[in-house]
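Worksheet for the structure shown next.
The values are calculated or read from the model by the stated rules, or taken from the named source; none is laboratory data. For clarity, every value in this text was computed on a predicted model and none was experimentally measured. Virtual Cβ from ideal backbone geometry, glycine too; neighbours counted across all protein chains shown. What goes into the accessible areas is simple: the full protein's heavy atoms, side chains included, and nothing from ligands, DNA or RNA. Shrake-Rupley method; radii C 1.70, N 1.55, O 1.52, S 1.80 Å.
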Amino acid sequence: MPLSKDFEIQAHDEFDFLGTDYRALFDTSNATIFQKPQWLDLLYSRLVPTTDARPLILSVRDKNDGRLCLLLPLLRTSYLGLSCVEPADLGAADYNAIIYDPASAERLLSDDQLSDVVIGLFKPCQLIFFRKMQGDDTVLAHVLGQKQDQTRGKVKTGDMVSSGHDMAIWAPYEEWRQEILSNKLRTRLRQKHKKLVKFGDVSLRICTEENDIRTVMRALQEQRRERYPDDLFLEERYFDFYCAVALEGVETGLSELSALYVGDEIVGIELGFIHDHCYHFILSGMQGGQYYKLSPGLHLIDYILAHRVELGDTRIDFTIGDEDYKASFGAKATQLRLMARPMSLFGSLALKAYMQGGPVKAFAKRIVSMTKR
């Protein structure tokens, strides 16, 4: 097992994300819903085996007591001959992060051998590439070889075009609604709701039974098919993966599948993720036809927000995508960051092309990004 000054570092093809040591590490970390134990367990067991990506999971443990201090859930991937090491994403994650105990940060940063050992385990690769980060991370920069007193060097950082969108929310919901939503939006929702109820009673239903979940998920796939012809969710392997996530959510609270009904017809669907009193909008769909002009998507959001506030949520995250409706519901855009280390000339050229935009970036986005609403 490779050793640094203070830590034992090991590369794994598989890892027990549901084990007590990872659960304890995640609970103390500042990682996101997309590093949650249940999510990573399903991603590596259900989705990764259907791709050409190879797992590369690095654990960093205290040399003295074996305590897990840092974990990097990664994949080895290849794009047009470019071999990469990157977070376990596969276009299904909106945010990427490494997972570590903040109490261990100082020791991790002071271990000047840590980076050499980690980079050695990454090899061979041409580019180490972390996208969709919620800000720069000094521990990750150190792991990738950036010295604390170094203003320029091997590790490259930059802004992404994509942003996250979150906001605070509170009870009572009508009070929040009155303060945050514009008079124009409230009037619009009220007028269109009156037209909706002419077709039948409007209600939000939370799916909890397996047959119901699978039926509603298939309806969600069909709702997205016409609007997003390149959506990864249309592929059966991604559909099966998200069905597993929806089913897991019933047992663990990882996710919640909601359907907005008008009478007996589903006009809107949302698969949302739940973490630390925050509801994340992940996959949504809406019915077209006679309902399209009545904004079923906006009504779906309105109903879900009321529901989640009643359950005690204090934040809402609309995740990636800069659609106007997010700002209309009070969400603030936070630009996501990337951090990378080229390991070859080809890697340097590919990273430069990606950061400058153009065909290489468009190709990479198609491969690694889930098409959003």
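Some notes on this structure:
- Summarising the amide proton neighbourhood of Glu323: residues at separation of 5 or more, or on other chains, whose placed amide H is nearer than 5 Å comprise an empty set.
- The range 204-311 shape via C-alpha gyration tensor axes, a/c threshold 1.5: oblate
- Whole-Å semi-axes of the range 58-99's equivalent ellipsoid (Cα gyration tensor): 27, 13, 5
- Between the listed residues Gln221, Phe346, Ile304, the Cα displaced farthest toward the positive end of the dipole of the chain, a dipole computed from Cβ unit charges relative to the Cα centre, is found at Phe346.
- Relative contact order, whole percent, for the chain stands at 21, derived from Cα pairs under 8 Å and 6 or more residues apart.
- If you bin all the Cα-Cα distances of the range 164-267 at 10 Å, starting from zero, the percentages per bin are 12, 29, 37, 21, 1.
- Rounded if a/c under 1.5, otherwise prolate or oblate - the range 90-221, Cα gyration tensor axes: prolate
- Length added when fully stretched, Val161-Asp201, from 0.36 nm per residue minus Cα-Cα: 10.3 nm
- Rounded to 5, percent antiparallel among DSSP beta bridges of the chain: 90
- Rolling a 1.4 angstrom probe over the protein heavy atoms with all chains in place gives the chain an accessible area of 45 Å² per residue.
- Taking a ≥ b ≥ c as the square roots of the eigenvalues of the Cα gyration tensor, an a/c ratio below 1.5 marks the range 46-168 as rounded.
- Taken over the chain, the convex hull of the Cα atoms encloses 145 Å³ per residue.
- Accessible surface of the chain [probe 1.4 Å, protein heavy atoms]: carbon and sulfur percent: 49
- Annotation note: GluC sites (Glu not before Pro) in the range 1-109 located in DSSP loop regions with a Cβ neighbour count of at most 13 within 10 Å are Glu14.
- Under the convention that each Lys and Arg Cβ holds +1 and each Asp and Glu Cβ holds -1, the size of the dipole of the chain around its Cα centre is about 1600 debye.
- Partners for Lys194 among aspartates and glutamates (Cα-Cα distance below 16 Å; same-chain residues under 8 apart left out): Asp302
- Percent of alpha-carbon pairs separated by more than 17 Å within the range 267-365: 64
- Cross-link pairs beyond the 25 Å C-alpha cut-off, checked among Lys132/Lys154; Lys63/Lys156; Lys154/Lys326; Lys147/Lys332: Lys63/Lys156; Lys154/Lys326; Lys147/Lys332
- Among the trypsin sites (Lys or Arg not before Pro) found in the range 185-270, those both in a DSSP coil and sparsely packed, with 12 or fewer other Cβ atoms within 10 Å of their Cβ, are Lys198.
- Centre-to-centre, using Cα atoms only, the range 37-93 and the range 214-245 are separated by 24 Å.
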